[in-house]
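To keep things clear, I will list the structure first and then write my remarks on it.
The values are calculated or read from the model by the stated rules, or taken from the named source; none is laboratory data. All values reported here derive from a predicted model rather than from experimental measurement. Positions of Cβ are backbone-derived with ideal geometry, glycine not excepted, and every protein chain shown enters the neighbour counts. Heads up: the accessible areas ignore ligands, DNA and RNA and are worked out on the full protein's heavy atoms, side chains in. Shrake-Rupley method; radii C 1.70, N 1.55, O 1.52, S 1.80 Å.
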Amino acid sequence: MSMTRDTKVTYGLLALFGIFGPILFPDYTLSIAYLWMMVLMASTWDTLGGQMGYNSLGNITFFGVGMYVSAIVQVSFFYEGGVAEYTSAMGSIKPEFTPAEYFWGLGLGILAAGVVGLVLSVIFSSFMFGLRGPYFAIGSLGLAIAVAEVTITIDYVGGASGISMPLFPGDIEFRSTFFYILCFVLTIISHFLLRWLYSTQFGLAINAIRDDEDKAEAMGIPTLAYKRIGWAIPAFFMGCIGAVAGNMAGFIDKEVAYPIPTFGIFMVAMALLGGKGTLWGPVLGAIIFHVIKEATWTYLLNLQWVALGLILIINIVYFQQGIMGWLQTKYPERFGIVVDTSTVTDADGKEAA
Amino acid sequence: MSDPIIKVEGVSKSYGGVKANVDITMGVERGSITGIIGPNGCGKTTLFNSIVGYHPIDSGSIQFDGQEISHLLVGDIARLGMLRTFQQTRIYGKMNCVDNMQISVSHRGDSKFSMFASRKGEIKDRAEHLLEFVGLYSKRNLISGDLSFGQQKLLEFAMALMNEPKVLLLDEPTAGINPTLINGLIDRLRRANEELGITLCVIEHNMRVIMNLASHIYCLANGRMLANGTPEELQNDQRVIDAYLGGH
Ligand SMILES: Nc1ncnc2c1ncn2[C@@H]1O[C@H](COP(=O)(O)OP(=O)(O)OP(=O)(O)O)[C@@H](O)[C@H]1O
Ligand SMILES: [Mg+2]
């Protein structure tokens, strides 16, 4: 992957912050972990929403399902009593997992969460991609709500009373650092996977679907296959990060697993703020959004929602293309966008102009 | 007709009460440039839509390269190697011209296309070469939605060539093109046919263009096939003169 100097500097700064941030500000370790989580959510949302033009309000489904799947895997692998017994005890059973058991369970749980998220998205694809525009958005929101409601009817996973996650085998500082690293690494993996994908024909195909899906179909692009993959990637990462988030929270129930009005909406808002349909927009949007959210939480407690709402309104009314989109139109050369090349002459240049 | 690549037999299509196509029979000779003419609303675009699988037909049969395709969907037919351009011109408006071209590569089974192929090398070279061919090379990095209508028309034509189809159906390729550019476009259509070996079927209202370009022309009127023949035959056909050419 070739990178411009700006890009290298950006990666350098982010890496420095990612590595030294929690060392210099240990109190903020978990807050920075949530920051990376938001970057992952906004970036993977943008694959479907920004790059492909299918504005999903339901990606949070995979987050919640991943959380539950991971819990099941973590408990069932190493607790002889089984998941049903564990959950029906409502947290009073605290099995002593050895560190090896715990970490194996967690690793398998995260992987299973990703895979189940992916499979679920493929199932959704079979009926959801008949919907376009606002119908897809509302349909996907309906899916999230439905899956959340179904989850709490399943006694096997604790029904409405939730599941206490297995205890972390280590002290609280190690625990924060460990989950921090998981969030950071997952975000890095997702970022570079997307960066590569957008540089291939896949990136153009999903952009073509966004611009004119009927034309893409008429040109022979197998649109459904692309759309399936375009949802499977976010679903996989949302499942994985959901597994991590469930363990960070320590206890999961419907509210923790399916935060539709918060994370479910934030991921969209962050991508719009930073600039949808760009690789860096959602990253930038997530960082700004998170910083403002934390700052207003500390200094403007009662006005936090007002402040966030205000930013969204300014974003939607005045900066629809988001910060990156605005920067790209203002400084196209910085982004390697050549507007016209009068230096290169071609036979029909004058004619076509 | 010795070797038709498209064979349309007894095709009818109505929209509610409007009989847009009634019992149409026609053929397109492999390697030819075939024309379709007729007054506004006589059913030319409807016929294209039926051929490329845009809508199901009411009755009749359509064969492409010896294979019945009237039950296939748009994407399947495109992947067999038959493409169409749109009367209203459709391109990917937020992408630049080179990207529009690169994503237009063929998706036929025998092509080298891969979903996750890199966009450097051969694909890019060919994209730029074809942009040069239609005279849009200096515009290649512009967002295609910012091009003029005529330029978008040329881009759409280049995108179709990028796909290396066996047959290309063009719906009014010269509409909206500056008259001084039309000769260049006729020349390019002919070169696409001769050098790239693409069979062309062209809907056209510009009589000078179609009489110059096509070796065989079909004339529709009121949804029915009125006449067909060489350009000379049609120009002297009283029914065609009455229905369509009259004013000229
Ligand atoms: N989607 C549709 N729904 C209903 N009626 C339609 C539809 N498309 C076309 N028609 C009708 O079918 C008839 C044929 O239309 P068509 O677009 O095929 O004409 P055309 O020969 O391409 O005309 P033009 O030269 O103006 O492009 C017209 O009467 C038109 O009103
Ligand atoms: Mg028409």
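At a 1.4 Å probe radius, which order do A:I209, A:I172, A:I93, A:I316 fall into by accessible area, largest first?
Descending accessible area places them as A:I172, A:I316, A:I93, A:I209.
Where nothing but the Cβ of Lys and Arg (+1) and of Asp and Glu (-1) is charged, how large is the charge dipole of segment A:25-260 around its Cα centre, in debye to the nearest 20?
Magnitude of the dipole: close to 500 debye.
At a Förster distance of 56 Å, what's the computed FRET efficiency of B:E68 paired with A:T153, Cβ-Cβ distance as r, to 0.05?
0.65
What figure, in Å² to the nearest 10, do you get for the accessible area of A:I288 with a 1.4 Å probe and non-protein molecules left out?
Looks like 60 Å² after rounding.
Would you work out the charge dipole size for chain B about its Cα centre, treating the Cβ of every Lys and Arg as +1 and the Cβ of every Asp and Glu as -1, and quote it to the nearest 20 debye?
Value, rounded to 20: 680 debye.
Using 1/(1 + (r/R0)^6) with R0 = 25 angstrom and r between the beta carbons of B:D242 and B:A175, what's the FRET efficiency to the nearest 0.05?
About 0.55, to the nearest 0.05.
What Kirkwood hydrodynamic radius, in Å, does the protein assembly as shown give when the mean of 1/r is taken over all pairs of distinct Cα atoms and then inverted?
One over the average 1/r among Cα pairs gives 27.1 Å for the protein assembly as shown.
What ranking of A:W104, A:W36, A:W305, A:W326 comes out by heavy-atom accessible area, probe 1.4 Å, highest first?
Final ranking, largest accessible area leading: A:W104, A:W305, A:W326, A:W36.
Please compute the net charge surrounding A:M128, taking Lys and Arg as +1 and Asp and Glu as -1 over other residues with Cβ under 12 Å from its Cβ.
My count for the surroundings of A:M128 gives +3.
So what is the relative contact order for chain A, in percent, with contacts set as C-alpha pairs under 8 Å and at least six apart?
It comes to 29 percent, rounded to a whole number.
Step through the table entries A:K215/B:K139; B:K7/B:K94; A:K254/A:K330; A:K293/B:K120; A:K94/A:K293, compare each Cα-Cα distance with 32 Å, and write down the pairs that go over it.
B:K7/B:K94; A:K254/A:K330; A:K293/B:K120; A:K94/A:K293
Considering only protein heavy atoms, what is the solvent-accessible area of A:L111 at a probe of 1.4 Å, reported in Å² to the nearest 10?
In the full protein context, A:L111 sits at about 100 Å².
Let me have the relative contact order for chain B, percent, based on Cα pairs under 8 Å that are six or more residues apart.
For chain B, the relative contact order is 26 percent.
At q = 0.14 Å⁻¹, what base-10 log of I(q)/I(0) does the Debye formula yield for chain A when every alpha carbon is treated as an equal point scatterer in vacuo?
Values, matching the q order: -1.21.
Using a 1.4 angstrom probe and counting only protein chains, how large is the accessible area of B:E132 in Å², to 10?
Spelled out: B:E132, probe radius 1.4 Å, area about 80 Å².
Among B:L185, B:L154, B:L142, which one shows the biggest mean-square fluctuation in a GNM of chain B, springs joining Cα atoms closer than 10 Å?
B:L142
State which helices in chain A qualify, where a helix is a whole DSSP H run, it must extend 15 Å or more along its own axis by its Cα atoms, and its mean Kyte-Doolittle hydropathy must be at least 0.5.
Once both thresholds are applied, what remains is A:5-24, A:29-46, A:60-78, A:99-128, A:134-151, A:172-198, A:223-249, A:281-299, A:304-318.
Using only the heavy atoms of the protein chains and a 1.4 Å probe, how would B:I36, A:I138 rank by accessible area, largest first?
A:I138, B:I36
With unit charges on the beta carbon (Lys/Arg positive, Asp/Glu negative), name the residue among B:G60, A:Y318, A:G274 whose Cα is farthest towards the positive pole of the charge dipole of the protein assembly as shown.
Farthest along the dipole direction, towards plus: A:Y318.
Does segment A:92-202 come out rounded, prolate or oblate, given a ≥ b ≥ c as the square roots of the eigenvalues of its C-alpha gyration tensor, rounded meaning a/c under 1.5 and, failing that, prolate meaning a/b above b/c?
It comes out oblate by the Cα gyration axes.
Net charge near A:I206, counting Lys/Arg +1 and Asp/Glu -1 over other residues with Cβ under 13 Å of its Cβ?
0
Which of the listed residues, B:A20, B:Q88, A:S88, is farthest toward the dipole's positive end in the protein assembly as shown, when Lys, Arg count +1 and Asp, Glu count -1 at the beta-carbon?
Highest projection toward the positive end goes to B:Q88.
Give me a single rounded figure for B:91-103: the average over its residues of other chain Cβ atoms within 10 Å of their Cβ.
The mean count of partner-chain Cβ atoms within 10 Å per residue comes to 5.
Please give the calculated 222 nm ellipticity per residue for the protein assembly as shown, where each DSSP H segment of at least 4 residues contributes -39500 (n - 2.57) and the sum is spread over every residue; nearest 500 deg cm²/dmol?
Calculated from helices alone, the mean residue ellipticity at 222 nm is -17000 deg cm²/dmol.
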